[in-house]
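This report refers to the structure that appears directly beneath it.
The values are calculated or read from the model by the stated rules, or taken from the named source; none is laboratory data. For clarity, every value in this text was computed on a predicted model and none was experimentally measured. FYI the Cβ positions are ideal-geometry reconstructions off the backbone, even for glycines, and counts take in every protein chain you see.
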Amino acid sequence: MKKKIKQPENWSQDIYKLNDIADSVIFNLRKFEKNSGEVIKAPDSNRPLREQVWEIKWLASKLHEVLLAGPIRTVFSADRLNLTAQQYFLLRARGFELFTAKQLGISPVGDYECYRMCVYKNEQAVCFMDPDETPEVKTVDNKTGHKRIRIRLAHSPEECELKHLRPEQREFFTKHRPDVLERMKADETGY
């Protein structure tokens, strides 16, 4: 009878724990080796166990880079358009909600496609365009007189220009969310 393996609720935390456990084991092995003058060998190996634990630590850091840090760095960089489907779904598995079909109200479309269509690029920046976002409004605090600015991760369609849409974006929004195109800035040619 196979034992069912319980899926971790937060696999990224497990990677951090693996790294911490490896650090603790290495620390204690060094302490033992220093106090006893002996080196513990790995079973069925002539290599010190400490070296094999270092390899586990190295593997944990590589897992962290590939499964979490790399995708996060990409999504928050100017290279966000090149986030791969694998990276997108790794971030989704970690709990990041990145422009899903459900959020955009177009369920027959894949989530990764929605994400790619919401990455907007012009001469100044590569950013997100959130079809449900409203234009930036600067308000003044009546008591202090200081301007308040809302923190946002994406621009509204009103802050984006039609001429900067990639052809596949124009086709996507024409088909699935024409209201977004109507809200975008058009240049003198109508695009």
Exercise. Could you tell me which numbered condition LEU18 fails, if it satisfies all but one of (1) free of Cβ contacts under 8 Å to residues at least 24 places away in the same chain; (2) hydrophobic (A, V, I, L, M, F, W, C); (3) surrounded by 15 or more Cβ atoms within 10 Å (Cβ to Cβ); (4) not in a loop (DSSP other than H, G, I, E, B)?
Key: (1)
Practice problem: Could you give me the residue pairs with C-beta distances under 9 Å whose first residue belongs to segment 171-182 and is assigned to a helix (DSSP H, G or I), whose second residue is aromatic (Phe, Trp, Tyr) wherever it lies, and which are 6+ apart or on separate chains? | Solution: ASP179/PHE173; VAL180/PHE173; LEU181/PHE173
Practice problem: Would you point out the residue of segment 139-191, among those that are among the aliphatic types (A, V, I, L, M) and under 17 Å from LEU81 (Cα atoms), that is modelled with the lowest pLDDT? | Solution: LEU153
Quiz item: Among the candidates GLY70, GLY110, GLY37, which residue alone is of a type in the set (Gly, Ala, Ser), under 26 Å from LEU153 (Cβ atoms) and not assigned by TED's automatic domain parsing to the domain that holds GLU168?
Solution: GLY70
Practice problem: Please work out which residue is modelled with the lowest pLDDT, limiting yourself to segment 21-58 and to residues that are hydrophobic (A, V, I, L, M, F, W, C) and surrounded by fewer than 14 Cβ atoms within 10 Å (Cβ to Cβ). | Solution: ALA42
Quiz item: Within the bounds of segment 112-134, is there any residue that is closer than 27 Å to SER12 by Cβ, touching a residue at least 12 places away in the same chain (Cβ under 8 Å) and loosely packed, with under 15 Cβ neighbours inside 10 Å?
Solution: yes
Quiz item: over 30 Å from ILE15 (Cα atoms), surrounded by 11 or more Cβ atoms within 10 Å (Cβ to Cβ) and not charged (D, E, K, R) - does that describe any residue in segment 85-101?
Solution: no
